[in-house]
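The structure under discussion appears below in the form of structure tokens.
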Amino acid sequence: MWNQIKKLFTGNRQDLQEVLRNGAVIIDVRTPMEYKSGHITGSKNIPVNDIRGKVEMIRKWNKPVITVCRSGSRSMMAATVLNAAGIKTYNGGPWNR
């Protein structure tokens, strides 16, 4: 699975492999239409505009989170919101299909 994930992320990010081993949840913050066009297997789609309203739901998962999107901008915004809410979140940035 890690090889699949590794191929999707561009650049050298945090040690996402270790984060994933610790049970991280990948949240794709793109729109539902973008998500339907292709996404990381097992990821959850929560558009960036909905993140603030989903903080308590995400907190209940009690797991670290990796946010992803098309360019890295929306994933950074989502990661900032979640980290400010006390949820350990990593910006996975853009991913390639």
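The values are calculated or read from the model by the stated rules, or taken from the named source; none is laboratory data. Because the structure is a prediction, the values reported are computed rather than measured. Virtual Cβ from ideal backbone geometry, glycine too; neighbours counted across all protein chains shown. The area values use the complete protein model at the heavy-atom level, side chains included, leaving out ligands, DNA and RNA. Shrake-Rupley method; radii C 1.70, N 1.55, O 1.52, S 1.80 Å.
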Here the residues within region 54-69 that are touching a Phe, Trp or Tyr at 6+ places or on another chain (Cβ under 7 Å) and more than 16 Å from residue 23 (Cβ to Cβ) are 68
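Within region 70-97, how many residues are within 9 Å of the chain's Cα centre (by Cα) and either of a type in the set (S, T, N, Q) or within 20 Å of residue 21 (Cα to Cα) (or both)? First the steps, then the outcome.
First, pick out the residues of region 70-97 that are within 9 Å of the chain's Cα centre (by Cα): 75, 78-79, 89-93.
Filter once more, so that each one left must be either of a type in the set (S, T, N, Q) or within 20 Å of residue 21 (Cα to Cα) (or both): 75, 79, 89-93.
Qualifying residue count, region 70-97: 7.
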Would you please list the contacts, defined by Cβ atoms under 9 Å and residues six or more apart or on different chains, that run from a residue in region 40-59 that is in contact (Cβ under 8 Å) with a residue 12 or more places away in the chain and farther than 13 Å from residue 28 by Cβ to a residue that is open to solvent by 20 Å² or more (accessible area, probe 1.4 Å) and hydroxyl-bearing (Ser, Thr, Tyr)? none
Counting only residues that are surrounded by 17 or more Cβ atoms within 10 Å (Cβ to Cβ), free of Cβ contacts under 8 Å to residues at least 60 places away in the same chain and touching a Ser or Thr at 6+ places or on another chain (Cβ under 9 Å), how many does region 82-94 have? 2
What number of residues in region 42-76 are touching a Cys at 6+ places or on another chain (Cβ under 9 Å) and open to solvent by 80 Å² or more (accessible area, probe 1.4 Å)? 1
